[in-house]
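What follows is a set of notes on a single structure, which appears directly below.
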Amino acid sequence: NAGVIQTPRHKVTGKGQEATLWCEPISGHSAVFWYRQTIVQGLEFLTYFRNQAPIDDSGMPKERFSAQMPNQSHSTLKIQSTQPQDSAVYLCASSPRQGDSGNTLYFGEGSRLIVV
Amino acid sequence: GEKVEQHESTLSVREGDSAVINCTYTDTASSYFPWYKQEAGKGLHFVIDIRSNVDRKQSQRLIVLLDKKAKRFSLHITATQPEDSAIYFCAASYYGGSGNKLIFGTGTLLSVKP
C-alpha cells in the first residue's frame, strides 16, 4: 500500500500563474479531503469528495480555487491567478469510508506551493 | 461551525517524563476526536483517537481522555522518547450538514530532550 501520493512535492510559480496539484488516494478509499497548512492559519479545511462527488467545498476561496475528482484514482486542486497569500502546503487525505461518526484520515506528504 | 483550540503551542519535556497536550472544542455534536503527529517535512500521521461513547482510551504509551461536559480532550504521552518529538494536532469531527470533516487545532510542538 503506497499511501496517499501527492505531486508535485514542491512548486514555485509566478504571481498570476496557474497551479495544479494532484492527489492519488489510497486504493479503495471512498472519501478524499484537501487541507491547506500555513504557519499563520494552521490546518484549514478546503473541500472533500465522497465517491468522487463533491460534498463540501465550504473552505474553498470561491473565485480562484477549484477541485475535481474525475475518477476514483485521482483528485486535482487548481488555483488560478495565484497570489503570494496562496503560498502554503496543500495536504490531501483519503478515508476508507464516510460514516456519521468520523473516520481516520490518511494524509499524503503534501505539496508545498510558493508564489513569487 | 466547530472551533478547536489547542492550548499548548510548545511543550518541552525530559526523556522518560510524561507530556500532556490539551484541547477544547465548541460543538456539542462532535463525537470523534483523533490526534495526529507531523514530523518535519512530512504529512500528518494518525496516532490515536477517541469517540464520545467512552471517556478514556489507551494505546501503549498514549492515553486520550475526553470530558464531554467540559468539551475538553487531552493526549497523554507517558515515558516519552526522543522520537516522540514532533508537532501534534488534535481534531474534532464536525458534521456540517453534508458530511463529516475534521477541524484541527493549531498544533503543539513537542520536544523531548535526552
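Grab the Cα-Cα distance for A:W22 and A:Q83, subtract it from 0.36 nm times how many residues apart they are, and report the gain in nm with one decimal.
20.0 nm
Where the centre of each part is set by its Cα atoms, how far does segment B:63-114 sit from segment A:1-67, in angstrom?
Answer, in whole Å: 22.
What is the distance, in nm, between label points placed 7 Å from the Cα along the Cα-to-Cβ direction at A:R97 and at A:Q68?
3.1 nm
Counting partner chain Cβ atoms within 10 Å of every residue's Cβ in A:3-9, what's the average?
Partner Cβ neighbours, averaged per residue: 1.
Are any of the pairs B:K3/B:K69; A:K62/B:K68; B:K57/B:K101; B:K37/B:K113; B:K37/B:K101; A:K15/B:K101 more than 27 Å apart by Cα-Cα distance, and if so, which?
A:K62/B:K68; A:K15/B:K101
Take the Cα pairs of the protein assembly as shown, get the Kirkwood Rh, then feed it into Stokes-Einstein at 25 °C and 0.890 mPa s and tell me D in µm²/s.
D, rounded to a whole number, is 135 µm²/s.
So what is the relative contact order of segment B:15-69, in percent, for Cα pairs below 8 Å that sit 6 or more residues apart?
Reported relative contact order: 23 percent.
When DSSP beta bridges are limited to those with both residues in chain A, what percentage is antiparallel, rounded to the nearest 5?
90 percent
Convex hull volume of the Cα atoms in chain A, per residue, in Å³?
Convex hull of Cα atoms, per residue: 97 Å³.
Listing A:F45, B:F46 from the residue with the fewest other Cβ atoms within 10 Å to the one with the most, what is the order?
Neighbour counts put them in this order, fewest first: B:F46, A:F45.
Which one of A:A67, A:A53, A:A31 has the biggest mean-square fluctuation once chain A is modelled by GNM with Cα springs under 10 Å?
So, out of A:A67, A:A53, A:A31, the one fluctuating most is A:A53.
Which residue, B:E39, B:E15, B:E83, has the most motion in a Gaussian network model of chain B that connects Cα atoms within less than 10 Å?
Of the options given, B:E83 has the highest mean-square fluctuation.
So for B:R72, A:R50, B:R56, fewest C-beta neighbours within 10 Å to most, what's the order?
Lowest to highest Cβ neighbour count: B:R56, B:R72, A:R50.
Quick note: the coordinates plus some simple rules give every number you see, no bench work behind them. Not measured: the values here are computed from a predicted model. Glycine gets a Cβ as well: all are built from the backbone with ideal geometry, and neighbour counts include every protein chain shown.
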